[in-house]
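Quick one: the structure is below, and I'll ask about it shortly.
FYI, it's all coordinate maths here, none of it is from the lab. Keep in mind that what you see is a predicted model, and the values were worked out from it rather than measured. Glycine gets a Cβ as well: all are built from the backbone with ideal geometry, and neighbour counts include every protein chain shown.
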Amino acid sequence: MVAEAVGVPLDLVEGVFSDTAVTGDSGSASASRLTWMAGNAIIGAADKALQAWQDEERPAIGHHRFVPPVTEALDPKTGKANPNFTYGYVAQAVDVAVDVETGHITIERVVCANDVGRIVNRNLVEGQLEGAVIQAHGYAITENMQSRDGHILNPRFSTYLIPGIMDIPTQVDSVLLEEPDPLGPWGIRGMAEMPMIPLAPAVVAAVHDATGYWIDKLPLTPSRVIATLNSST
């Protein structure tokens, strides 16, 4: 993004990372904000540096701190608000197999479509999408956290079951749509956690399609699935 903003080759760009003694505090590097926020900050700084260059300043330096637009809470009477300043969009479809004797669910295929705006690094976007789907697989099917009085009762991986290599979806297909965000730098949208959100409801709907039963509590552990299947027999 820096190379594009100032029109130089990528190998001329040097970065200083993770040192607020040098760069100042820019807020968290979390969720879907980092590329979107950093990109807008880069554009602002590049514009100032390029103007300094045109003004014959050497070295040409540009400092810019990007502050996102202010958001609003929902009005309790009218429901009107501007709760977010930008949005991401995602849809998923899944194929599942349900063993009606054991209650085990196998996710055969996930198709995940994300509107990511302009893609900066396709490999990273696809890797993030696949990783988020696998993490959501655990949330939807295996990771049954138990707590009592603020204490975790299953604090080990032997009892809190994250998906292993034999558990994860057999196939994950990434469908990346590039609809530019008018507020994003170069049309970029954030997408980090978006693929996590729709997997669980998609799996629940697919299990209903396969068995005729709605299960309204997560995760869909074998014991929970088989209890539901046996509830009316």
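Can you give the FRET efficiency to the nearest 0.05 for Asp75 and His151, using r as the Cβ-Cβ distance and R₀ = 45 Å? Write down the numbers at each step before the final one.
Numbers: r = 40 Å, r/R0 = 0.89.
It comes out at approximately 0.65.
Can you show me the helix-derived [θ] at 222 nm for the chain, built from DSSP H runs with n ≥ 4 at -39,500 (n - 2.57) apiece and divided by the number of residues, rounded to the nearest 500.
Numbers: 6 runs with 67 residues, N = 233.
So the calculated ellipticity at 222 nm is -8500 deg cm²/dmol.
Sticking with this one: If r is the Cβ-Cβ distance from Ala31 to Ala93 and R0 is 25 Å, what FRET efficiency results, to the nearest 0.05? List each step's numbers first, then the result.
Values: r = 24 Å, r/R0 = 0.97.
After rounding to 0.05, the efficiency reads 0.55.
Now a separate question. In sequence order, what are the phi-derived ³J(HN,Hα) couplings for the stretch 10-17 according to the Karplus relation 6.51 cos²θ - 1.76 cosθ + 1.60 with θ = phi - 60°, rounded to whole Hz, with x for glycine and proline?
After applying 6.51 cos²θ - 1.76 cosθ + 1.60, I find 4, 6, 8, 8, 10, x, 10, 10 Hz.
To continue, here is another question. Give the long-range amide H neighbours of Val172: residues separated by 5 or more places, or on another chain, with amide H under 5 Å away, using H modelled in the peptide plane at 1.01 Å from N.
Val110
At 0.36 nm per residue, minus the direct Cα-Cα distance, what do Phe85 and Val100 gain on full extension? Give it in nm, one decimal, please.
Numbers: separation 15, 0.36 × 15 = 5.40 nm, distance 4.54 nm.
That pair, Phe85 and Val100, stretches by 0.9 nm at full extension.
Mean shadow of the stretch 1-85, computed from the convex hull of its alpha carbons, in nm²? Could you put the intermediate results ahead of the total?
On the way: hull surface 31.2 nm².
Approximately 7.8 nm², given one-decimal rounding.
Here's a follow-up. Just the number, please: Stokes-Einstein D of the stretch 73-140 in µm²/s, Kirkwood Rh from C-alpha pairs, 20 °C, 1.002 mPa s. Mind showing how you got there, number by number?
Details: Rh = 15.3 Å.
Value of D from the Cα-based Kirkwood radius: 140 µm²/s.
Would you work out the Kirkwood radius for the stretch 89-229? I mean one over the mean of 1/r across all pairs of different Cα atoms, in Å. Could the numbers behind the result be given before it?
Working: mean 1/r = 0.0616 Å⁻¹.
Radius from the Kirkwood sum: 16.2 Å.
Treat the count of other C-beta atoms within 10 Å as a stand-in for reagent exposure and order Trp214, Trp36 from fewest to most. Mind dumping the intermediate values first?
Details: Trp214 10, Trp36 25.
Ascending number of Cβ neighbours within 10 Å: Trp214, Trp36.
Loop by DSSP (not H, G, I, E, B), at most 16 other beta-carbon atoms within 10 Å: where is the longest site-free stretch of the chain for GluC sites (Glu not before Pro)?
Working: sites that count: Glu14, Glu56, Glu57, Glu72, Glu101, Glu178, Glu193.
Segment 102-177 is the longest.
Note down the relative contact order for the chain as a percent, whole number, built from C-alpha pairs under 8 angstrom at least six residues apart. Walk me through the numbers before you get to the answer.
Working: 352 pairs, mean separation 53.3, N = 233.
Once normalised by length, the contact order is 23 percent.
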